[in-house]
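Before we start, here is the structure in question, set down as structure tokens.
The values are calculated or read from the model by the stated rules, or taken from the named source; none is laboratory data. These figures come from a predicted structure and were not determined experimentally. Every residue, glycine as well, gets a Cβ built from its backbone with ideal geometry; the counts of neighbours run over all protein chains shown. Just the protein is used for accessible areas: all its heavy atoms, side chains included, with ligands, DNA and RNA removed. Shrake-Rupley method; radii C 1.70, N 1.55, O 1.52, S 1.80 Å.
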Amino acid sequence: MPIRIGESSSSLQERVEEACSVDLSQCYECGKCSGGCSTTHLMDYTPRKIIQLIKLGYCDILYNSDALWLCVGCHLCVDRCPAQIDIPRIVDYLREQAYQQGIKPTREQVVTFNALMLGSVFKRGRVSEATLMLQFNLRTRRYFKDAQLGTKMLVKGKVNPFVPGVKGTRELRRLFRGKPAGKER
Amino acid sequence: MEVAYYPGCSLHSAAREYDMSTRLVCRHLGISLKEIKDWNCCGATAAHSLDHLLAVSLGARNLALLDGMKMTRVTSPCANCYSRLKAAAHELQHDEILKTEVERILEAPVPCGVEVLSLLEMFVTQVGIDTIAENVSKPLKGMKLAAYYGCLLTRPSRISGFDDPEQPVSMDRLLEGLGAETVDWSHKAECCGAGFTAAEVGIVLDLGGQVLEAARQAGAEALVVACPMCQLNLDTRQGAIEANRGTRYDLPVMYFTQLMGLAFGYSPRVLGLKRLLTSPFPLLKTKGLL
Ligand code: SF4
Ligand code: SF4
């Protein structure tokens, strides 16, 4: 049962539980998730605190938190959690909500990169790393970022902008359900 | 043995050597890889962090294509692709409502019960380390290797169901089967931060740096990986990590399939060993493996 401080507090927990198939009332608040987390030392709110903030209904804090964009999805937390609470799935859910609501992420480049990548999937069904990096550097106006590294990779034949795309693009684009992909918000 | 093959985008571009060496050692072991026709990108971190339904749908399309090939078992050498495909298969199997919705979007039925295996898992569970060891003609004697699994090969354990989530041993056993020595170390299955390799280089230098440092402290002469993202990250960012930490690592980061190929007697050229940024050649030379 969610803690009922106000209507909003219960509804966030319920929405998270429903969307992510988790039961947050099972959380022992033991902190094993935070102890194992790969980026806990960088986060403003650790995984354990994220669970607590959901229970208390603090949408705003969560959607604006840096932790959302620092989770690397390594699944250490869920594998250590005695209640098997799927924290990476919860973080994904919160990210998606924040993104859809147009909330400015603390790590804009992360979102720019992900959106550009989805843009490429939308267009061609596949991603060419070289093209994606180039687009990313242009979009973030870092024209010379990694130029030296790029040259080294070129020499090693690791840059291949000509990755063939999929044939069934029309069918593939349906999967995006009319949502814009790869557009800067 | 016949198995469907999902290479993923990296293996067609930056990680072509992983594709080359995979195909070579599979052929050597009598495994026939059938590439999924018209497969699409798994969406990687981008899809699952911005649009969950899209992430599952991208996996579902690949699974549906597999059905068209009348195959029920698929392997992917990329840990990220493997993890996305397996997660999609798992969710679709356990969530009827989601499955119905995805099938409506895809306008095609999604098969149930597809077996998704990482390439490492396929070798270890379907071929067996003993059989692999029997194929060794040039043992990797004297090589001290750090088997690096990264985060997606064994986790989440509830879905992957393969090896130990934090202290895996399968790749170590395989490398030992090839005649190499493996080191005991702390960062086998820690994250190298590859998802941030372009967007947040600071995190990569931090997490990747910890991995390289742990391998060095354990006395490893090279890292062995089973993921193109780990490889690219630890190899191409190694120079920046060295500058950042003020330590010279000079640790080659090789694919486990390249080492299998070497031990099976193939030349470094056909295994694409020249394509690695941190050259493994000085090391291979001192071990008499060239
Ligand atoms: S490990 Fe699980 S039970 Fe413990 S605090 Fe974290 S989410 Fe709660
Ligand atoms: S999945 Fe995210 S929250 Fe969980 S341990 Fe990894 S980085 Fe931390």
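Which is under 18 Å from A:V163 (Cα atoms) and either among the polar types (S, T, N, Q) or in contact (Cβ under 8 Å) with a residue 12 or more places away in the chain (or both), of B:A64, B:A4, B:A44?
B:A44 is the lone residue from the list that is under 18 Å from A:V163 (Cα atoms) and either among the polar types (S, T, N, Q) or in contact (Cβ under 8 Å) with a residue 12 or more places away in the chain (or both).
Give all pairs with beta carbons closer than 6 Å in which a residue from segment A:65-80 that is modelled with pLDDT of 95 or more and of a type in the set (D, E) meets a residue that is part of a helix (DSSP H, G or I) and more than 6 Å from ligand 2 (Cβ to nearest atom); count only pairs at least 6 apart in sequence or on separate chains.
A:D79/B:S157
Kindly provide the set of residues from segment B:235-280 that are within 13 Å of another protein chain (Cβ to nearest Cβ), open to solvent by 40 Å² or more (accessible area, probe 1.4 Å) and touching a Lys or Arg at 6+ places or on another chain (Cβ under 8 Å), ordered by number.
B:K274
Considering only residues that are basic (K, R) and open to solvent by less than 20 Å² (accessible area, probe 1.4 Å), which ones fall in segment A:97-126?
Initially, segment A:97-126 is screened for residues basic (K, R), giving A:104, A:107, A:123-124, A:126.
Once the filter is applied, which keeps residues that are basic (K, R) and open to solvent by less than 20 Å² (accessible area, probe 1.4 Å), segment A:97-126 yields only A:R126.
Now, a different point. Which condition does B:T257 not pass, out of (1) closer than 24 Å to B:P165 by Cα; (2) assigned to a loop (DSSP other than H, G, I, E, B); (3) among the hydroxyl-bearing types (S, T, Y), if it passes all the others?
(2)
Can you find, within segment A:64-83, the residue that is farthest from ligand 1 (Cβ to nearest atom) among those that are assigned to a helix (DSSP H, G or I) and within 12 Å of the chain's Cα centre (by Cα)?
So, considering only residues that are assigned to a helix (DSSP H, G or I) and within 12 Å of the chain's Cα centre (by Cα), the one farthest from ligand 1 (Cβ to nearest atom) is A:W69.
Quick test for you: out of B:S49, B:S57, B:S137, pick the one residue that is more than 20 Å from A:G168 (Cβ to Cβ) and within 12 Å of another protein chain (Cβ to nearest Cβ).
Going through B:S49, B:S57, B:S137 in turn, just one is more than 20 Å from A:G168 (Cβ to Cβ) and within 12 Å of another protein chain (Cβ to nearest Cβ): B:S49.
Take segment B:4-25 and flag every residue that is part of a helix (DSSP H, G or I), touching a helix residue (DSSP H, G or I) at 6+ places or on another chain (Cβ under 6 Å) and away from chain A (no Cβ under 12 Å).
Kept after step one, since they are part of a helix (DSSP H, G or I), are these residues of segment B:4-25: B:10-12, B:16-25.
Those left that are additionally touching a helix residue (DSSP H, G or I) at 6+ places or on another chain (Cβ under 6 Å): B:10-11, B:17-19, B:21-22, B:24-25.
Correct list: B:S21, B:T22, B:L24, B:V25.
Right, another one. Of all residues in segment A:29-52, how many are under 18 Å from A:L94 (Cβ atoms) and either within 8 Å of ligand 1 (Cβ to nearest atom) or not assigned by TED's automatic domain parsing to the domain that holds A:P82 (or both)? Spell out the reasoning first.
Taking segment A:29-52 as the starting set, the residues that turn out to be under 18 Å from A:L94 (Cβ atoms) are A:33-34, A:37-40, A:42-52.
When the remaining residues are screened for being either within 8 Å of ligand 1 (Cβ to nearest atom) or not assigned by TED's automatic domain parsing to the domain that holds A:P82 (or both), the result is A:33-34, A:47-48, A:51.
Number of matching residues: 5.
If we scan segment A:165-177, do we find a residue that is surrounded by 15 or more Cβ atoms within 10 Å (Cβ to Cβ), within 23 Å of B:L277 (Cβ to Cβ) and facing chain B (nearest Cβ under 7 Å)?
no
So, one more: In the list B:A64, B:A60, which residue meets the criterion of being over 30 Å from B:L262 (Cβ atoms) and either open to solvent by less than 10 Å² (accessible area, probe 1.4 Å) or modelled with pLDDT under 95 (or both)? Spell out how you get there, then give the answer.
Working: B:A64 fails: either open to solvent by less than 10 Å² (accessible area, probe 1.4 Å) or modelled with pLDDT under 95 (or both).
Of B:A64, B:A60, the one residue that is over 30 Å from B:L262 (Cβ atoms) and either open to solvent by less than 10 Å² (accessible area, probe 1.4 Å) or modelled with pLDDT under 95 (or both) is B:A60.
Could you list, in sequence order, the residues of segment B:183-204 that are open to solvent by less than 30 Å² (accessible area, probe 1.4 Å) and not in a loop (DSSP other than H, G, I, E, B)?
B:A194, B:F196, B:I203, B:V204
Something else now. Would you confirm, using the coordinates I've provided, whether A:M153 is facing chain B (nearest Cβ under 7 Å) and either touching a residue at least 24 places away in the same chain (Cβ under 8 Å) or out of contact with any Leu (no Cβ under 8 Å at 6 or more places or on another chain) (or both)? If you could, list the steps in order and put the result at the bottom.
Working: facing chain B (nearest Cβ under 7 Å): yes; either touching a residue at least 24 places away in the same chain (Cβ under 8 Å) or out of contact with any Leu (no Cβ under 8 Å at 6 or more places or on another chain) (or both): no.
Criteria not met by A:M153.
Here is a follow-up. Restricting the search to segment B:136-160, which residues are within 16 Å of ligand 1 (Cβ to nearest atom) and either of a type in the set (F, W, Y) or open to solvent by 10 Å² or more (accessible area, probe 1.4 Å) (or both)? Explain how you work it out, then say what you get.
Filtering segment B:136-160 down to residues within 16 Å of ligand 1 (Cβ to nearest atom) leaves B:155-158.
B:P156, B:S157, B:R158 - these are the residues of segment B:136-160 that are within 16 Å of ligand 1 (Cβ to nearest atom) and either of a type in the set (F, W, Y) or open to solvent by 10 Å² or more (accessible area, probe 1.4 Å) (or both).
Also, I was wondering about something else. Residues of segment A:84-100 being more than 7 Å from ligand 2 (Cβ to nearest atom) and of a type outside the set (S, T, Y), which ones?
Listed by number, the residues that qualify are A:Q84, A:I85, A:D86, A:R89, A:I90, A:D92, A:L94, A:R95, A:E96, A:Q97, A:A98, A:Q100.
Being within 12 Å of chain A (Cβ to nearest Cβ) and either more than 16 Å from ligand 2 (Cβ to nearest atom) or in contact with a strand residue (DSSP E or B) (Cβ under 7 Å, 6 or more places away or on another chain) (or both) narrows it down to one residue among B:L223, B:L232; which is it? Even if it seems obvious, please write down each step before you answer.
Values: B:L223 fails: within 12 Å of chain A (Cβ to nearest Cβ).
Result: B:L232 is the single residue among B:L223, B:L232 that is within 12 Å of chain A (Cβ to nearest Cβ) and either more than 16 Å from ligand 2 (Cβ to nearest atom) or in contact with a strand residue (DSSP E or B) (Cβ under 7 Å, 6 or more places away or on another chain) (or both).
Name the helices (runs of 4 or more DSSP H) wholly inside segment A:97-182 in which the number of residues that are touching a Pro at 6+ places or on another chain (Cβ under 7 Å) is 2 or more.
Details: elements: A:108-124, A:129-139, A:147-155, A:169-174.
Correct list: A:129-139.
Where residues in segment B:164-182 are of a type in the set (D, E, K, R) and away from chain A (no Cβ under 12 Å), which of them is least open to solvent (accessible area, probe 1.4 Å)?
B:D172
Considering only segment A:61-90, how many residues are facing another protein chain (nearest Cβ under 10 Å) and within 14 Å of A:V111 (Cβ to Cβ)?
Total satisfying the criteria: 4.
Moving on. Restricting to segment A:25-54, count the residues that are more than 8 Å from ligand 2 (Cβ to nearest atom), within 15 Å of B:E190 (Cβ to Cβ) and without any contact (Cβ under 8 Å) to a residue 24 or more places away in the chain.
Residues in segment A:25-54 being more than 8 Å from ligand 2 (Cβ to nearest atom), within 15 Å of B:E190 (Cβ to Cβ) and without any contact (Cβ under 8 Å) to a residue 24 or more places away in the chain: 1 in total.
Determine whether A:C81 is in the same structural domain as A:E29 (by TED's automatic domain parsing), near ligand 2 (Cβ under 10 Å from one of its atoms), open to solvent by 10 Å² or more (accessible area, probe 1.4 Å) and not charged (D, E, K, R). Quick ask: steps written out before the conclusion?
Values: in the same structural domain as A:E29 (by TED's automatic domain parsing): yes; near ligand 2 (Cβ under 10 Å from one of its atoms): yes; open to solvent by 10 Å² or more (accessible area, probe 1.4 Å): yes; not charged (D, E, K, R): yes.
Taking the combined requirement at face value, the residue satisfies it.
Consider only pairs whose beta carbons are under 6 Å apart and that are at least six residues apart or on different chains; among these, list those whose first residue lies in segment B:278-290 and is assigned to a helix (DSSP H, G or I) and whose second residue is open to solvent by 20 Å² or more (accessible area, probe 1.4 Å).
What qualifies is B:L283/B:E221; B:L284/B:L290.
Something else now. Is it the case that B:K86 is outside the structural domain of B:T154 (by TED's automatic domain parsing) and under 26 Å from A:K179 (Cα atoms)? Steps first, please.
On the way: outside the structural domain of B:T154 (by TED's automatic domain parsing): yes; under 26 Å from A:K179 (Cα atoms): yes.
Criteria met by B:K86.
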